[in-house]
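The values are calculated or read from the model by the stated rules, or taken from the named source; none is laboratory data. The structure displayed is predicted, hence computed values, not measured ones. In this analysis, Cβ positions are derived from the backbone assuming ideal geometry, glycine residues included, and neighbour counts consider all displayed protein chains. In case anyone asks, the SASA skips ligands and DNA or RNA and just uses the protein heavy atoms, side chains included. Shrake-Rupley method; radii C 1.70, N 1.55, O 1.52, S 1.80 Å.
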Amino acid sequence: MIKSELIDEIALKQTQLSIKDIELSVKTILTQMVETLEKSERIEIRGFGSFSLHYRPARKGRNPKTGEPVVLPEKYVPHFKPGKELRERVNIGGGYTRTK
Amino acid sequence: MALTKAAIANGLYNELGLNKREAKEMVESFFEEIRLGLEKGEQVKLSGFGNFDLHDKQERPGRNPKTGKEIPISARRVVTFRPGQKLRTRIESYARTNKRK
């Protein structure tokens, strides 16, 4: 499923908003999420999951083309931890056995 | 302060002028449709943000960390998030512009 399909799915299930409004809403939601992480703040959606930043210290790497050593600076990477409901629903959907 | 569904709905109300109920329902549908896609076994790709991928894991041996007793971890399907290039680039620069807490 890609963004345009997500927008269509949302549109199918409601009648109040135009497709344009839904497109704008999805765009606005994602922008808010990106800007929150950019500020190094968490996103917490119950039943879905949480997003936070994980720190990665500087490390030595190599330029794969030349083999030359380079220092890769410290950085943060976005991290997602699925919530309980999402974990359970995805697991059942796959026809896999649930642990408890 | 963490971003929550209420805060996102508030953003839709302020920025797009959706009424409070529409905004709340929109946020609810947004996350629910992603969950439904994943539940059906579909990968969900949101350009500019990232991909939610599914992985099938086989059963593997595990241990109860409290008792040390061996118990198998059952086969399962799990969700992972892979941030897109655009999101990663925007986040990476955080370390350079802000000091670690």
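Screening A:Glu88, A:Glu23 for residues that are open to solvent by less than 70 Å² (accessible area, probe 1.4 Å), more than 9 Å from chain B (Cβ to nearest Cβ), under 21 Å from B:Leu36 (Cα atoms) and acidic (Asp, Glu) leaves exactly one candidate, A:Glu88.
Of all the residues in the stretch A:9-20, those that are more than 7 Å from every other protein chain (Cβ to nearest Cβ) and open to solvent by 80 Å² or more (accessible area, probe 1.4 Å) number 4. I'd like the full set of residues that are without any contact (Cβ under 8 Å) to a residue 40 or more places away in the chain and facing chain A (nearest Cβ under 9 Å), limited to the stretch B:60-81. Those that are without any contact (Cβ under 8 Å) to a residue 40 or more places away in the chain and facing chain A (nearest Cβ under 9 Å): B:Ile73, B:Ser74, B:Ala75, B:Arg76, B:Arg77, B:Val78, B:Thr80, B:Phe81.
Each residue in the stretch A:26-45 was checked for being surrounded by 14 or more Cβ atoms within 10 Å (Cβ to Cβ) and in a helix (DSSP H, G or I), and 12 of them qualify.
Within the stretch B:60-91, can you find the residues that are of a type in the set (Ser, Thr, Tyr) and loosely packed, with under 10 Cβ neighbours inside 10 Å? Result: B:Thr67, single match. Selection of the stretch B:1-12 for residues being assigned to a helix (DSSP H, G or I) and surrounded by 15 or more Cβ atoms within 10 Å (Cβ to Cβ) yields B:Lys5, B:Ala7, B:Ile8, B:Ala9, B:Asn10, B:Gly11, B:Leu12.
Residues in the stretch B:25-59 that are at the interface with chain A (Cβ under 7 Å from one of its Cβ atoms), open to solvent by 50 Å² or more (accessible area, probe 1.4 Å) and either touching a Ser or Thr at 6+ places or on another chain (Cβ under 8 Å) or touching a residue at least 24 places away in the same chain (Cβ under 8 Å) (or both): B:Ser47 alone.
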